[in-house]
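Here the structure comes first, spelled out in structure tokens, and everything after it is commentary.
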Amino acid sequence: MCLRGASGAGAALLRAIPDQRLRAYYAWVPMLPPDSRDAAGAAGRGLAEPRARHYWDGGLHLSRHVGQALGVDPAWDLYLAYAPGNPDLAAPDLWMHQLPIDQGTRLDVGVWKQKIQLLLDNAGRSGLTPDPRL
């Protein structure tokens, strides 16, 4: 489990931006020998936050769906951001990674935070409002 990126791009981001519209969804995948559902559960407990949800993608279904769209198949060590109202998982508004690839942008937690804040600010100007049921 890659905890460094998950912590910086997810947990630290949630601490830094208290906006209730911001959510973190972690999809843990088995890419390295120690990766397992149990390891993902332990990682999730270590990154617990009310606005975070953790999922195990043991069959790499989500990973392959998103990865094919981004040219990184299977997708792992990716950080995806969606503006409010974007329903297409395969078309993030922003993405970064920690992989030795040419596509996309390498994760820089400071830049990630700035761009996430910009997505939230722009959503506020567009008239989108948070749904209290979410």
Compute and list, largest first, the equivalent-ellipsoid semi-axes of the chain from the alpha carbon gyration tensor, each √(5λ) rounded to a whole angstrom. 24, 17, 14
Dipole magnitude of the stretch 7-66 about its Cα centre (Cβ charges: Lys, Arg +1; Asp, Glu -1), debye to nearest 20: 200 debye
Once a ≥ b ≥ c are taken as the square roots of the eigenvalues of the Cα gyration tensor of the stretch 1-40, is the result rounded (a/c under 1.5), prolate (a/b larger than b/c) or oblate (a/b not larger than b/c)? prolate
When a/c is below 1.5 the answer is rounded, else prolate if a/b is larger than b/c, else oblate, so apply that to the stretch 57-102 with a ≥ b ≥ c taken from the square roots of the Cα gyration tensor eigenvalues. oblate
To the nearest 0.05, what FRET efficiency results for R64 and D38 with a Förster distance of 22 Å applied to their C-beta separation? 0.45
Lys/Arg Cβ at +1, Asp/Glu Cβ at -1, dipole of the stretch 3-124 taken about the Cα centre: which of H65, A48, M31 is farthest positive-ward? A48
Testing the spin-label approximation: label points 7 Å from Cα along Cα→Cβ at M31 and V111. State their distance in nm. 1.8 nm
Under a Cβ-only charge scheme (Lys and Arg +1, Asp and Glu -1), can you give me the dipole magnitude of the stretch 3-124 about the Cα centre, in debye to the nearest 20? 360 debye
Residue-span extension gain [A48 to R21] - 0.36 nm each, minus C-alpha spacing: 8.0 nm
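Read-outs: derived from the displayed coordinates by stated rules, not from any lab. Keep in mind the model is a prediction, meaning the values are calculated, not measured. In this analysis, Cβ positions are derived from the backbone assuming ideal geometry, glycine residues included, and neighbour counts consider all displayed protein chains.
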